[in-house]
1. Mind checking the full-extension length gain between Ala123 and Arg182? Use 0.36 nm per residue of separation minus the Cα-Cα distance, one decimal, nm.
2. GNM on the chain, C-alpha springs below 10 Å: top fluctuator among Ala186, Ala231, Ala278?
3. At what distance in nm do the modelled label points of Glu103 and Ala157 sit from each other, each positioned 7 Å from its Cα along Cα→Cβ?
4. Would any residue of segment 53-74 have its amide N under 18 Å from a label point 7 Å out along Cα→Cβ of Ser15? List them or say none.
5. Towards the positive end of the charge dipole of segment 233-344, with charges on Cβ (+1 Lys, Arg; -1 Asp, Glu), say which of Ala306, Met276, Thr318 has the farthest Cα.
6. Counting only helical runs of four or more DSSP H residues, what would the 222 nm mean residue ellipticity of the chain come to if each run contributes -39,500 (n - 2.57) and the total is spread over all its residues?
7. So how do Leu135, Leu351, Leu27 rank on accessible area, 1.4 Å probe, biggest first, that is with the largest at the start?
8. Heavy-atom accessible area of Cys234 with all protein chains present, probe 1.4 Å, nearest 10 Å²?
Amino acid sequence: MVAVLVGWVYESTSSVAQVATLMAIRLVPPIVGGGLAAALVDRLPRRRVLLWSEAASAATVAGALGGVLVGSRPLVFAFVGLCGLVAMVSNVAGNALIPMVVEQEELPAANGIHAVGQEAAMALGAVAGGVTLALGGAAAGLLANLASYGLALVLFARVRPVGDSADARRATARGGFASGLRYVCASRTLIVVVGSFALGTLATGLVNATLPKFTNGLGLGASGYGFAIAALACGMMAGEALTGAAADHVDARWLAPGLGAMGGLFLAFAWAGSPMAALALLAVFGIANGFTEIVMTTAIHQQADASYHGRVFGVGSTIWRTTMLGAVVLAPAVDAVASPAQAITIAAGFLFAGALAVHATLRRKAPKAAPAPA
């Protein structure tokens with residue numbers, strides 16, 4: 001959807017500002033969506049929330065298609081914002097469902113498969129969007145997107161989670177974002193997991209905003225950003241797959257070496273000097289990033305009571321999206337006083353800070369799960 005609509009907006013307006021507006025509208029509503037997910041996912045059967053939110057997402061795509069057909073950018077922008085809102089509910093519901101369909105010892109592998117699937121789908125979606133936009137226009141691309149939602153609904157309807165009953169969680173399901181935030185703050189492990197990953201998203205957001213200028217300075221030209229994102233995505237898929245295949249358990253303390261490795265690789269990437277060396281380092285960074293994401297997701301599954309998974313992921317998603325967008329907003333100010341290499345070095349500092357926080361705080365192995373409040 002994003003690939004199709006970015007092309008449609010730029011083709012019809014030739015305006016970078018209009019494209020930036022579309023991207024902002026797509027990225028900001030999920031911050032609110034995280035709070036909405038925290039209020040819904042633990043209160044209702046998670047499979048039902050997943051199905052409803054996917055159907056709502058499909059409806060917003062249909063609305064955007066209507067906007068394209070009548071040539072109304074405001075209508076398209078409105079439905080794109082709504083899609084970002086409900087898609088976050090779907091994302092949180094999917095994460096909270098995983099422990100209900102696999103055994104505890106299978107969580108690292110399941111989270112690895114889930115993450116690789118998401119990365120691959122995003123890459124395939126971008127390619128499919130470009131192809132359908134070129135061959136049939138924006139309307140054809142959005143119709144293909146609607147078909148993918150239809151397939152997703154058929155597949156999700158076949159999921160049979162264990163213990164996915166609102167009655168089983170009714171005693172602890174009251175409350176939304178505030179309840180989830182209190183629960184996170186009551187657990188040292190969850191504070192560190194959510195907080196350290198927020199430093200990671202702050203760092204990656206700053207680097208993402210700096211990448212076009214940095215890769216252009218390396219001599220990669222206008223295509224450099226695409227090459228860099230491709231290297232990062234390949235590395236992340238490898239890291240997620242390897243972690244899921246190799247780890248039969250996960251310890252939240254593993255976030256320290258993961259974030260530390262990410263910081264060291266960003267530092268090397270910033271001062272690589274050579275385009276090929278920089279891309280190779282970014283791919284290796286992706287492996288470390290993929291490892292860290294699987295550790296974070298599995299640590300939340302293990303350290304949060306099952307009745308709070310939706311709220312913890314909702315709180316985390318809101319915080320992580322906010323820090324990433326904050327970094328994007330901060331990027332122009334950093335660019336005004338620092339070179340791209342220096343900006344990436346600053347991002348590495350955030351990652352080192354996260355690694356040190358995990359190492360200093362989680363010296364002992366955490367208990368299996370924080371108890372639900374009485």
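The values are calculated or read from the model by the stated rules, or taken from the named source; none is laboratory data. Model, not experiment: these values are computed from the prediction. Reconstructed Cβ throughout: ideal geometry from the backbone, glycine too, with neighbour counts over all protein chains shown. Quick note on the areas: whole protein, heavy atoms, side chains included, nothing else; ligands and nucleic acids left out. Shrake-Rupley method; radii C 1.70, N 1.55, O 1.52, S 1.80 Å.
1. 17.6 nm
2. Answer for the Gaussian network model of the chain: Ala186.
3. Calculated label separation equals 3.2 nm.
4. Label zone hits: 67-74.
5. Going by the Cα projections, it comes out as Thr318.
6. -28000 deg cm²/dmol
7. Greatest to least solvent exposure: Leu135, Leu27, Leu351.
8. Here the accessible area works out near 80 Å².
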